[in-house]
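Below: the structure, in structure tokens.
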Amino acid sequence: MEFYVDSIMGDKIGRSTVFGLPLQQQWSYRVTGENAPTYYLDTDAPLYYYSFCDAWVAIQYKSLPKEKQERLDPMIIGFNVTDMYAADHIKRVLKTFPGVFSGIGEFSIHKEFVSSKISGDVASLTDPALDRIFEFAAEVGLPVLIHNDIDNPFPKPGKPNYITGFQELIKRHPNTIVIWAHLGLGRIIKPIEDMGTLFENMLADPAYKNLYFDLSWDETAKWLDYNDKSLERTAAIIKKYPDRFLFGTDNIAPDKTEKQLRVYHLYDRLWKLVGEEVTSKVSKGNYERLFNEARIKVRAWEKENVK
Ligand SMILES: [Zn+2]
């Protein structure tokens with residue numbers, strides 16, 4: 001983690017979330033023998049929730065000097081989103097490592113190629129276990145970073161599977177700060193017809209005032225900068241609601257600053273269209289506002305609840 005702050009963030013990146021990868025793929029000798037998977041698409045073996053990642057992140061974070069800790073926001077992620085006990089895991093992590101975490105996520109409900117490989121129940125937007133997570137997040141003041149694709153990889157046009165359920169979830173939890181990772185897009189999850197109108201309607205509707213939109217991932221950049229029309233539409237919406245969008249990289253364990261900056265530069269055409277002030281809000285200001293607020297609330301909750 002110190003390498004990440006010193007050598008990847010350096011003097012180019014101000015603040016960053018950090019979290020483990022909650023889904024571990026089983027190395028099943030019966031399936032691939034000596035070929036150990038290092039990526040979830042490597043084999044057909046199932047994925048499972050690996051809770052230890054939260055402790056690992058907390059211990060790494062605690063070993064950093066204060067000025068480096070200040071630049072990071074560790075997130076709790078090692079829970080099974082279909083388990084009614086998930087909220088209890090989050091509470092246990094806060095109590096075991098007070099002073100560390102600022103939010104929860106990024107966890108997935110519907111994610112292309114991933115959701116169906118996880119052992120046990122398929123995650124669902126209507127699961128009471130998810131409601132318990134959202135309720136507890138609101139109680140503590142933890143922002144929720146959620147990955148939820150708008151649809152499955154090979155959709156029937158006009159009937160996206162996972163938008164309505166997502167909207168209902170947000171509306172059920174008006175006091176939970178939610179960040180929608182990658183705008184619900186993916187490697188092959190492309191924008192639905194007139195997605196701009198869908199987002200504009202949600203941004204204008206007070207029922208979603210707790211919802212923020214995350215632009216991270218090179219795959220998201222690919223769709224938003226698909227052509228001049230999509231880019232101009234994206235820029236117009238962001239300019240209209242500059243406080244509701246956040247930029248991130250979604251990189252996994254980057255080993256060079258250039259890799260981290262690459263995703264930022266994929267949006268260079270967008271930054272140019274929205275201008276300097278909006279760029280600064282989306283790439284820094286909105287994050288600082290949300291996570292500074294979260295830190296204050298979570299520390300206050302810990303003070304009350306951790307003996
Ligand atoms: Zn994601």
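The values are calculated or read from the model by the stated rules, or taken from the named source; none is laboratory data. Just so it is clear, the model here is predicted, and its values are computed rather than measured. Don't worry about glycine lacking a Cβ; one is built from the backbone with ideal geometry, like all the others, and counts go over all protein chains shown.
Sub-8 Å Cβ pairs linking a first residue in the stretch 142-163 that is without any contact (Cβ under 8 Å) to a residue 60 or more places away in the chain to a second residue that is part of a loop (DSSP other than H, G, I, E, B) and basic (Lys, Arg), at least 6 apart or interchain, are 147/111; 148/111; 149/111, ordered by first then second residue. The number of residues in the stretch 172-211 being modelled with pLDDT of 95 or more and at positive phi comes to 3.
Only residues that are in contact (Cβ under 8 Å) with a residue 40 or more places away in the chain and either over 27 Å from residue 284 (Cβ atoms) or part of a loop (DSSP other than H, G, I, E, B) (or both) were counted in the stretch 192-206, giving 1. Residues that are within 15 Å of the ligand (Cβ to nearest atom) and outside any loop (DSSP other than H, G, I, E, B) were ranked within the stretch 241-263; the one that is farthest from the chain's Cα centre (by Cα) is 263. Against the test of being part of a helix (DSSP H, G or I) and free of Cβ contacts under 8 Å to residues at least 40 places away in the same chain, the options 31, 5 yield a single qualifying residue, 31. Scanning the stretch 106-129 for residues that are out of contact with any helix residue (DSSP H, G or I) (no Cβ under 7 Å at 6 or more places or on another chain), part of a helix (DSSP H, G or I) and at pLDDT 95 or above turns up just one, 128. Can you tell me which residue is nearest to residue 126 (Cα to Cα) among those in the stretch 155-183 that are polar (S, T, N, Q) and in a loop (DSSP other than H, G, I, E, B)? Here the residue is 161.
Only residues that are more than 18 Å from residue 219 (Cβ to Cβ) and over 20 Å from the mean Cα position of the chain (by Cα) were counted in the stretch 264-279, giving 8. Sort out which residues of the stretch 84-104 are surrounded by fewer than 18 Cβ atoms within 10 Å (Cβ to Cβ) and in a loop (DSSP other than H, G, I, E, B), and write them in order of number. Within the stretch 84-104, 84, 85, 98, 99 qualify. In the stretch 247-263, the residue that is surrounded by the fewest Cβ atoms within 10 Å (Cβ to Cβ) out of those that are hydrophobic (A, V, I, L, M, F, W, C) and under 18 Å from residue 222 (Cβ atoms) is 252. So for the stretch 157-174 (the condition being closer than 20 Å to residue 211 by Cα, within 16 Å of the ligand (Cβ to nearest atom) and among the aliphatic types (A, V, I, L, M)), does at least one residue qualify? Checking the stretch 157-174: not a single residue is closer than 20 Å to residue 211 by Cα, within 16 Å of the ligand (Cβ to nearest atom) and among the aliphatic types (A, V, I, L, M). The single condition from (1) of a type in the set (Val, Ile, Thr); (2) in a loop (DSSP other than H, G, I, E, B); (3) more than 22 Å from residue 215 (Cβ to Cβ) that residue 150 fails is (3).
Applying the condition of being among the β-branched types (Val, Ile, Thr) and within 16 Å of residue 166 (Cβ to Cβ) to the stretch 105-128 and asking which residue is surrounded by the most Cβ atoms within 10 Å (Cβ to Cβ) yields 109. Would you confirm, using the coordinates I've provided, whether residue 146 is out of contact with any helix residue (DSSP H, G or I) (no Cβ under 8 Å at 6 or more places or on another chain) and within 16 Å of the ligand (Cβ to nearest atom)? The answer is no for residue 146. The set of residues in the stretch 132-147 being assigned to a loop (DSSP other than H, G, I, E, B) and either surrounded by fewer than 22 Cβ atoms within 10 Å (Cβ to Cβ) or of a type in the set (Val, Ile, Thr) (or both) consists of 141 alone.
Of all residues in the stretch 211-231 being surrounded by 14 or more Cβ atoms within 10 Å (Cβ to Cβ) and part of a helix (DSSP H, G or I), which is farthest from the ligand (Cβ to nearest atom)? Ranking the candidates gives 231 first.
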